[in-house]
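Trainee: A single structure is presented below for examination.
Each value in this text was obtained by applying a stated rule to the coordinates, not by laboratory testing. Everything numeric in this text was worked out from a predicted model, so none of it was measured. Here the Cβ is made from the backbone with ideal geometry for all residues, glycine too, and neighbour counts use every protein chain on show.
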Amino acid sequence: MTEDLEWRVLSESEKERERKGRRKSLLLCVSTFIHCHCFLPTLSTQQHTIKPLSPSHAIPTPHSKFPSDSDTQSLFFSGRAERQKLLNQKGCVVWITGLSGSGKSTLACSLSRELYSRGKLSYVLDGDNLRHGLNKDLGFKAEERTENIRRTGEVAKLFADAGLICVASLISPYRRDRDTCRSMLPDANFIEARHHEAILIVFMNMPLELCELRDPKGLYKLARAGKIKGFTGIDDPYEPPLNCEVHVPEASKAIEIKQDGDVCPTPTVMAGQVVTYLEKEGFLEH
């Protein structure tokens, strides 16, 4: 009985030594791999000469200088072109602007569904939803509206860089703020040279009377009663985009959607108009 117990204890101690030996061997292998691939010079198989590693491949230390954008891009395998090739589309931003109640969110959702039906990846940034999260600390003063648009523009730019078709739906009343977002992305003249990244402005040109008649959130009624101050279209201006047309000039990219007489286009028709433009400009293929 005692011998059996001693044998079991000896067996367990041997097993523990064996486990420790395996751990040491594994750590030695990992240490050797890191040392060979990260710290030692690389050996050229063609010229049999030793070449030092490029500084962009060095492992950063706590005292290293933070890499620039160009240095950082070299550390990643997939760049913008690779992502767009994977998705078979070109990243861009579709910026939908107009008065409250003009149909911006409706168009954004219809456009997203239409793109999905064509196998294209998109993402909608809705102004109301953003104010519940990213921009919940902002009010409606002029400077806060500007910051609201700036933040949204920066996020939209990241989506475009990832190769997605980003649909941003915001009132964005000030022309200066929209132009700032446009300047974050390459101009239309540089689409080919800058991997087809661009911003497209869609102006929901619906009359104030129609928007006020719709008033889905009851905001116009509150503004008219003086319970909401600085409401766009009532006591705060809306600056419409300039030179809006389907066949846009080189200086700007914009589509204007408006009533045909007394008939307002359906969401499907509006989405089709935007998709046709994207297709014509080559954003729906790589």
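Trainee: Taking the Cα-to-Cβ direction at Met184 and at Glu144 and moving 7 Å from each Cα, how far apart do the two end points lie in nm?
Mentor: 2.0 nm
Trainee: Using a 10 Å cut-off around each Cβ, can you sort Met206, Met184 from fewest to most neighbouring Cβ atoms?
Mentor: Least to most surrounded, the residues fall as Met184, Met206.
Trainee: Here's something else I'd like to know. Tell me which residues come under 5 Å, amide H to amide H, from Asp236 once H is placed; ignore anything under 5 positions away on its chain.
Mentor: Sorted by chain and number, the residues that satisfy this are Phe231.
Trainee: Which value, in debye to the nearest 20, gives the size of the charge dipole of region 80-280 about its Cα centre, when Lys and Arg are +1 and Asp and Glu are -1 at the Cβ?
Mentor: 500 debye
Trainee: Out of residues 5 or more away from Ala168 or on other chains, whose amide H comes under 5 Å of its own, with H placed 1.01 Å from N in the peptide plane?
Mentor: Long-range HN contacts for Ala168: Val94, Trp95, Ile96, Leu125.
Trainee: Sticking with this structure for a sec: How many percent of DSSP beta bridges within region 80-280 run antiparallel, rounded to 5?
Mentor: Just about 5 percent of them are antiparallel.
Trainee: Now, a different point. Whole-Hz ³J(HN,Hα) for each residue in region 207-220, computed from phi via Karplus 6.51 cos²θ - 1.76 cosθ + 1.60 with θ = phi - 60°, x for glycine and proline: what do you get?
Mentor: Here the 3J(HN,Hα) series is x, 4, 4, 5, 4, 5, 5, 5, 6, x, 9, x, 6, 5 Hz.
Trainee: Among Thr146, Thr266, Thr232, what is the fewest-to-most ranking by other Cβ atoms within 10 Å?
Mentor: Listing Thr146, Thr266, Thr232 from fewest to most nearby Cβ atoms yields Thr266, Thr146, Thr232.
Trainee: Further question: Starting from the amide H of Ile255, placed 1.01 Å from N in the peptide plane, find each other amide H under 5 Å away whose residue is 5 or more places distant or on another chain.
Mentor: Correct list: Ile201, Val202, Phe203.
Trainee: Same structure, new question: Kindly write out, for region 126-143 in residue order, the coupling ³J(HN,Hα) from the Karplus curve 6.51 cos²θ - 1.76 cosθ + 1.60 (θ = phi - 60°), rounded to whole Hz, with x marking Gly and Pro.
Mentor: 9, x, 5, 5, 5, 6, 8, x, 3, 10, 5, 8, 9, x, 10, 5, 4, 5
Trainee: Related question: Could you tell me which of rounded, prolate or oblate describes region 80-280, using a ≥ b ≥ c as the square roots of the eigenvalues of the alpha-carbon gyration tensor, with rounded for a/c under 1.5 and, failing that, prolate when a/b is larger than b/c and oblate otherwise?
Mentor: prolate
Trainee: Ok, one more. What's the extension gain from Arg131 to Arg151 if we count 0.36 nm per residue and subtract their Cα-Cα distance?
Mentor: Once the chain is fully extended between Arg131 and Arg151, it gains 6.1 nm.
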